[in-house]
Amino acid sequence: MEKEVKYLMRIYYYIAKKFWGPFFFALGVFTTLVVLGDTFEKMKNLSNGTTTILDLLSYSLATFPNWLTTIMPVACLLGAISVISEMVSNGEWTACVAGGFAPRQLFKPVIMCILIVVAGTMLMQEFVVPPLNLKADKIYYTRISPSDSFNPDTEHDVVIKVSPTQMLFAKEVDLKKGTMTKVSLDTYDDAWDIAAQIVADQMVWDADSKNWLFSNGIKRTFVDEMDTTEQHFEQENSPVSTRPDEMSVNKVEDKLLSIRDLTKRINFYKQSGLAHYAAETMRQSRLATPFVTVIMCLLGMPFAISVRRKSKIVNIIASMVIAFTFWWLMSMFTSIGENGYINPFIAGWGPVVFFSTVVFFEFKWMKL
């Protein structure tokens with residue numbers, strides 16, 4: 001029994017070792033192509049007088065992990081197809097099956113390699129990519145395409161729903177400092193006519209009272225259409241008690257946020273009564289990513305068994321067709337979910353369920 005286990009582990013190690021060569025080759029080629037394409041596109045800014053080659057290189061390095069995580073599923077797919085295809089063409093697959101190995105057993109070491117890649121990708125997306133995306137934005141808007149209004153810590157023209165009848169408008173919000181400037185809190189009656197308004201120069205988070213405070217403003221009451229009363233104040237409590245670190249008012253695209261930031265945005269939107277289906281759709285898509293990569297590879301590996309002759313071109317074409325079909329379906333579901341036409345959970349997990357069914361019947365048909 002011990003000898004059989006050692007033999008099995010040796011076979012698994014041999015198959016797993018074969019995976020990494022094609023994987024890193026595909027990862028290197030595809031990532032280099034997209035990074036170079038993005039860098040060359042930014043080279044047109046070299047003539048603006050502020051951009052240097054060093055700026056472009058810094059920008060490319062900051063965006064590199066993001067491209068890397070995007071290409072990972074395709075690299076996994078190409079690596080998986082190449083391993084099986086090479087074993088089939090060399091006669092190793094036939095020898096293993098004749099030796100008593102079931103095809104599903106021979107898939108296991110490849111799947112384990114893919115799971116390692118997926119785990120690394122998820123960690124990168126959570127902890128590495130978001131801060132580097134912010135750094136890339138800073139380089140782009142300060143050096144490559146300078147913008148005077150760029151400030152990563154502030155957001156302009158923010159609207160927050162405080163309650164069913166209250167809306168808060170702020171010209172500028174800096175959650176890092178816990179300040180909002182040029183704010184207006186409008187209170188509406190049942191007919192959605194404005195009933196009261198507070199206009200202030202600033203709103204500041206007070207850690208002691210755990211509340212936002214208006215500073216230097218006017219309380220205005222609308223008696224009727226032609227009559228209002230006003231009262232000046234130096235400081236006034238506001239109805240907003242959400243901590244700055246629990247707020248999500250930035251306009252960063254959902255796809256650039258980590259799952260943790262998406263969760264914070266969703267919770268804040270729910271609390272504010274704002275539509276959150278776009279962020280929820282993206283969060284579910286992110287959570288489904290590990291399953292998507294594995295299922296994509298399971299879809300492609302049986303194809304490699306049917307290709308009796310080793311052909312890297314065929315492997316690459318098959319990988320691209322399967323990957324782009326997967327991405328097309330996921331993009332379609334995501335787009336529909338972000339616009340609120342279907343439930344975010346269906347939008348995120350629908351492609352996983354669909355292709356899982358395809359894989360099931362594919363394995364059944366090929367008797368794997």
- Hey, could you check the stretch 115-171 for residues that are among the basic types (Lys, Arg) and in contact (Cβ under 8 Å) with a residue 40 or more places away in the chain and say which is most open to solvent (accessible area, probe 1.4 Å)? Lys135
- Message: For the stretch 79-89, which positions are over 9 Å from Ala304 (Cα atoms), modelled with pLDDT of 85 or more and open to solvent by 10 Å² or more (accessible area, probe 1.4 Å)?
- Response: none
- Apart from one, (1) assigned to a helix (DSSP H, G or I); (2) within 17 Å of Met203 (Cβ to Cβ); (3) of a type outside the set (Val, Ile, Thr) all hold for Phe233; the odd one out is (1)
- Task: Only residues that are within 15 Å of Met296 (Cα to Cα), open to solvent by 40 Å² or more (accessible area, probe 1.4 Å) and not polar (S, T, N, Q): list them for the stretch 318-352, please.
- Result: Met320, Val321, Phe324, Trp327, Trp328, Trp349
- Does Lys44 count as exposed (fewer than 13 other Cβ atoms within 10 Å of the Cβ), under 29 Å from the mean Cα position of the chain (by Cα) and either farther than 30 Å from Tyr140 by Cβ or among the charged types (D, E, K, R) (or both)? yes
- Which of (1) touching a helix residue (DSSP H, G or I) at 6+ places or on another chain (Cβ under 9 Å); (2) farther than 29 Å from Val5 by Cβ; (3) open to solvent by 50 Å² or more (accessible area, probe 1.4 Å) does Gln105 not meet, given it meets every other one? (2)
- Query: Out of curiosity, is Lys251 among the basic types (Lys, Arg) and closer than 20 Å to Ala347 by Cβ?
  - Reply: no
- Determine if the stretch 14-27 includes at least one residue that is at pLDDT below 85 and assigned to a helix (DSSP H, G or I). no
- Note on the structure: Within the stretch 188-203, of all residues that are under 14 Å from Gln166 (Cα atoms) and either small (Gly, Ala, Ser) or under 36 Å from the mean Cα position of the chain (by Cα) (or both), the one most open to solvent (accessible area, probe 1.4 Å) is Ala191
- Taking the stretch 204-231 and the residues there that are over 19 Å from Lys171 (Cβ atoms) and in contact with a Lys or Arg (Cβ under 8 Å, 6 or more places away or on another chain), the one that is surrounded by the most Cβ atoms within 10 Å (Cβ to Cβ) would be Thr228
- Query: What tally of residues in the stretch 244-261 results from selecting those that are under 23 Å from Val162 (Cβ atoms), open to solvent by 70 Å² or more (accessible area, probe 1.4 Å) and in a loop (DSSP other than H, G, I, E, B)?
  - Reply: 1
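The values are calculated or read from the model by the stated rules, or taken from the named source; none is laboratory data. Bear in mind the structure is a predicted one, so any value in this text is a computation, not a measurement. Positions of Cβ are backbone-derived with ideal geometry, glycine not excepted, and every protein chain shown enters the neighbour counts. In case anyone asks, the SASA skips ligands and DNA or RNA and just uses the protein heavy atoms, side chains included. Shrake-Rupley method; radii C 1.70, N 1.55, O 1.52, S 1.80 Å.
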